[in-house]
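Data block below; observations after.
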Amino acid sequence: MASTDTLTPQDWTEVVSPPAEVQAAVAALVPDTNGAPLTTAQLADLSEAIVNDPAIWRDLIVADPVRRRYRLLFEDDRLDSWVIMWMSGQGTGFHDHSHSAVGLCGAEGAVVEKQMTLPSGHTEVIVRPGDRREGPSGYIHSVAHHEGGPAITIHSYSPPLIEVGQFRVDDEGHLARYPEPGRKELLDNTIAEIAPDLA
Ligand SMILES: [Fe+2]
């Protein structure tokens with residue numbers, strides 16, 4: 001499993017700077033909400049519309065076997081949209097999106113989304129091209145590669161993803177939530193290392 005000090009460098013400015021034509025193309029798909037945050041259904045609709053216009057994201061795709069790659073496609077005061085590329089072994093670990101709601105849609109290949117169930121275990125859903133998932137603020141999940149090289153998914157968040165909570169289990173089995181910047185790379189090195197049956 002990759003750790004942060006073995007990852008290949010990437011141009012962070014590039015990651016969060018969508019090409020102007022990409023930003024404009026997504027802007028044309030964003031519904032007018034009169035300034036209000038988008039609903040989960042609107043977010044999933046937007047992600048699906050982006051999936052259905054591969055010209056928006058095709059040129060941004062890279063297949064990086066070492067680290068999970070992603071690029072910002074659009075942002076404004078209400079939302080941000082991302083394309084995420086998943087290779088074998090790459091996943092997020094369990095996390096939430098703080099105050100942001102999420103709507104995602106599969107574009108190519110497949111990822112597996114898991115939701116934790118207590119006292120142990122998880123449910124899981126395979127997300128294939130055209131499949132949508134929606135989660136309100138507080139939604140907890142993990143997402144990981146399932147098949148394809150890379151698997152490609154589109155994710156939209158509203159309000160913009162400023163904070164995520166990453167879940168870790170300590171040596172005594174206590175679960176804790178660690179607030180992290182929303183644009184920081186989530187690595188599957190949290191619960192996965194200590195409780196692999198939950199990852
Ligand atoms: Fe997420």
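Since every read-out is calculated from the coordinates, none of them should be taken as a lab result. Everything numeric in this text was worked out from a predicted model, so none of it was measured. Glycine gets a Cβ as well: all are built from the backbone with ideal geometry, and neighbour counts include every protein chain shown.
Annotation note: of Leu38, Leu43, the sole residue that is over 16 Å from Val164 (Cα atoms) and away from the ligand (no atom under 13 Å from the Cβ) is Leu38.
Within region 40-54, the set of residues being surrounded by 17 or more Cβ atoms within 10 Å (Cβ to Cβ) and either in contact (Cβ under 8 Å) with a residue 60 or more places away in the chain or assigned to a loop (DSSP other than H, G, I, E, B) (or both) comprises Thr40, Gln42, Leu43, Ala44, Leu46, Ser47, Glu48, Ile50, Val51. The residues in region 156-176 that are within 12 Å of the ligand (Cβ to nearest atom) and touching a Lys or Arg at 6+ places or on another chain (Cβ under 9 Å) can be counted, and the count is 5.
Listed by first and then second residue, the pairs linking a residue in region 104-120 that is on the phi > 0 side of the Ramachandran plot to a residue that is assigned to a strand (DSSP E or B) and surrounded by fewer than 20 Cβ atoms within 10 Å (Cβ to Cβ), with Cβ atoms under 9 Å apart and 6 or more places separating them unless they lie on different chains, are Gly109/Pro129; Gly109/His146; Gly109/Glu147; Gly109/Gly149.
Scanning region 107-122 for residues that are farther than 15 Å from Gly91 by Cα and touching an Asp or Glu at 6+ places or on another chain (Cβ under 9 Å) turns up Ser120, Gly121, His122.
Where strands (runs of 3 or more DSSP E) sit wholly within region 55-142, those with at least 3 residues that are more than 12 Å from the ligand (Cβ to nearest atom) and over 20 Å from Leu43 (Cβ atoms) occupy 101-116, 122-127.
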